[in-house]
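A short write-up of the structure that comes next.
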Amino acid sequence: MNLRQVLLNARDILARSSIDDASLEAEILLRHTLKISRTQLYQELDAGINKVDEKTYYRLVERRRQGEPTAYITGHREFYGLDFYVNRDVLIPRPESEFLVEKALEIARIRDLATMADIGTGCGTIAISLAKNLKGTKIYATDLSLAALEVARGNCRRHGVIEKIEFLHGDMLETLPGPVDLIVANLPYVRESEIPDSGPLSFEPVLALNGGHDGTSMINTLCNQAKDKLAPSGCMLLEIGEGQADAVTDIISETFSSARIETTVDYAGIERVVGVYLTPSRA
Ligand code: GLN
């Protein structure tokens with residue numbers, strides 16, 4: 001068998017099981033098996049594949065066919081132009097979470113951010129992307145999961161920002177030593193009843209998805225904790241689920257009655273980020 005033949009074969013296996021983008025997925029898994037670039041793969045399509053690699057490849061294709069997300073199989077996902085290691089202890093980074101990073105950088109341009117915290121950091125994407133782009137801001141990254149913090153630390157080392165981020169283990173803001181100027185959080189926001197027991201989401205850690213009865217219970221707790229942990233002129237950026245903007249706005253207004261609240265829509269037109277500004281900016 002040559003690479004072209006195994007690739008087409010794998011594509012058909014995945015397509016028959018209704019896996020989207022079967023060609024692309026088959027290619028990513030083959031490149032991962034052989035540890036080669038896209039260019040190399042296309043230059044070597046007529047080359048043979050050895051038995052060991054072929055067996056490994058079909059094992060990965062089978063995992064994908066059974067619904068396991070590609071990022072867990074390859075151990076990688078790109079976020080904000082950086083490559084992150086992921087495993088099943090952490091949520092797979094989503095492109096819509098890049099809005100949190102962009103909004104945070106916008107805020108940094110018009111406000112002084114001496115300190116900030118990424119709450120529920122998971123594999124560390126938000127804290128690390130911000131560490132790469134912010135100068136002079138002390139960044140805390142917290143998570144309830146020690147296993148997730150291990151993954152985040154590894155990613156932090158890989159991206160050379162270990163001295164810029166302090167990792168804290170604990171329940172959201174409780175572990176912060178004092179109030180911060182900016183809180184960024186992609187908390188679990190999936191309704192408990194909507195967490196599936198099959199399909200791609202079922203491979204991800206429930207701890208990172210479960211937002212309680214209506215999906216906003218973690219956000220509610222965070223807002224309560226923020227009374228003591230957000231600086232008087234601070235800001236907060238929260239990622240939310242589809243249809244949660246009104247409920248989250250109500251929760252925030254109860255705690256911070258005079259805050260300016262602003263929602264941002266994602267690429268799909270879904271209200272995805274809620275920004276909370278306790279006082280007007282200098283600009
Ligand atoms: N974005 C995830 C989803 O696919 C949920 C992530 C979260 O709960 N923060 O629904």
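Values quoted throughout were computed directly from the atomic coordinates according to the rules given, and no laboratory measurement underlies them. Remember, predicted model here, so these are calculated numbers, not experimental data. Cβ sites come from the backbone with ideal geometry, for glycine too, and all protein chains shown count toward neighbours.
Points to keep in mind about this one:
- Base-10 log of normalised Debye intensity for segment 47-162 (one unit scatterer per alpha-carbon) at q = 0.15, 0.23 Å⁻¹: -0.70, -1.27
- For the chain, leaving out every one of the trypsin sites (Lys or Arg not before Pro) that falls in a DSSP loop and has at most 16 other Cβ atoms within 10 Å, the longest unbroken run is 136-281.
- Each residue in 105, 91 was given a count of other beta-carbon atoms within 10 angstrom of its own, and listing them fewest first yields 105, 91.
- Each 10 Å bin from 0 upward holds the following percent of the Cα-Cα pairs of segment 101-191: 18, 54, 26, 2.
- Chymotrypsin sites (Phe, Trp or Tyr not before Pro) restricted to segment 199-281 and DSSP loop, no more than 12 other C-beta within 10 Å: 267
- Modelled label positions at residue 114 and residue 268, each set 7 Å beyond Cα in the direction of Cβ, lie 4.1 nm from each other.
- Largest-first ellipsoid semi-axes for the chain, taking √(5λ) over the Cα gyration tensor eigenvalues, angstrom: 39, 20, 16
- Entry note: segment 243-283 has Rg to Rh equal to 1.02, where both radii use alpha-carbon atoms and Rh is the Kirkwood radius.
- Loop-resident sites, segment 85-172, for GluC sites (Glu not before Pro), counting at most 11 other Cβ within 10 Å (DSSP): 163
- Counting all C-alpha pairs of segment 166-283, share separated by more than 24 Å (%): 28
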